[in-house]
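The values are calculated or read from the model by the stated rules, or taken from the named source; none is laboratory data. Owing to the predicted nature of the structure, the values given are computational and were not obtained by experimental measurement. Don't worry about glycine lacking a Cβ; one is built from the backbone with ideal geometry, like all the others, and counts go over all protein chains shown. Protein only, heavy atoms only, side chains kept; ligands, DNA and RNA dropped before computing areas. Shrake-Rupley method; radii C 1.70, N 1.55, O 1.52, S 1.80 Å.
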Amino acid sequence: VHLVESGGGLVQAGDSLRLSCAASGPFSRSSMAWFRQAPGKERDFVATISSEGGLTNYADSVKGRFTISRDNTKNTVALQMNNLKPEDTAVYYCAAAVFRNPSSRSANFDSWGPGTQVTVSS
């Protein structure tokens, strides 16, 4: 699966931002996820969604603020981010796992996008 993220940018604390990931390949058979990596830190799990969209899971740090969704007719997955905080600043990556269940483990995913930068100022 080929992935390309978009929608990143510079926002202020409390603002909202919507990331999108366009996919080509067996998208409807893929679990999808968003991860993020802040400077000098490891890549962390953010959210994941099953192939049909019926199952989602979130990192505790984003629960209640972020929502992952997908549109299998358009081969896209989105991450709606509300009430952004400076600690959300990172490069956000879209990931796909063909014929696998959703997971918070990066090793579960075999396709990755190049990433999109999100910067939240205080």
Q.
Only one of 33, 13 is touching a Ser or Thr at 6+ places or on another chain (Cβ under 6 Å) and either open to solvent by 40 Å² or more (accessible area, probe 1.4 Å) or at pLDDT below 95 (or both). Can you tell me which?
A. 13
**Q.** Enumeration of residues in the range 26-57 that are among the aromatic types (Phe, Trp, Tyr) and more than 10 Å from the chain's Cα centre (by Cα)
**A.** 27
Q.
For the structure I just gave you, tell me whether residue 90 is in contact with a Ser or Thr (Cβ under 7 Å, 6 or more places away or on another chain), modelled with pLDDT of 95 or more, open to solvent by less than 40 Å² (accessible area, probe 1.4 Å) and among the small types (Gly, Ala, Ser).
A. no
Q. Just a yes or no: is a residue in the range 99-117 in contact with a Pro (Cβ under 7 Å, 6 or more places away or on another chain) and either modelled with pLDDT of 95 or more or more than 20 Å from residue 8 (Cα to Cα) (or both)?
A. no
Q.
So in the range 59-73, with the set limited to residues that are over 17 Å from residue 86 (Cβ atoms) and not polar (S, T, N, Q), which one is least open to solvent (accessible area, probe 1.4 Å)?
A. 68
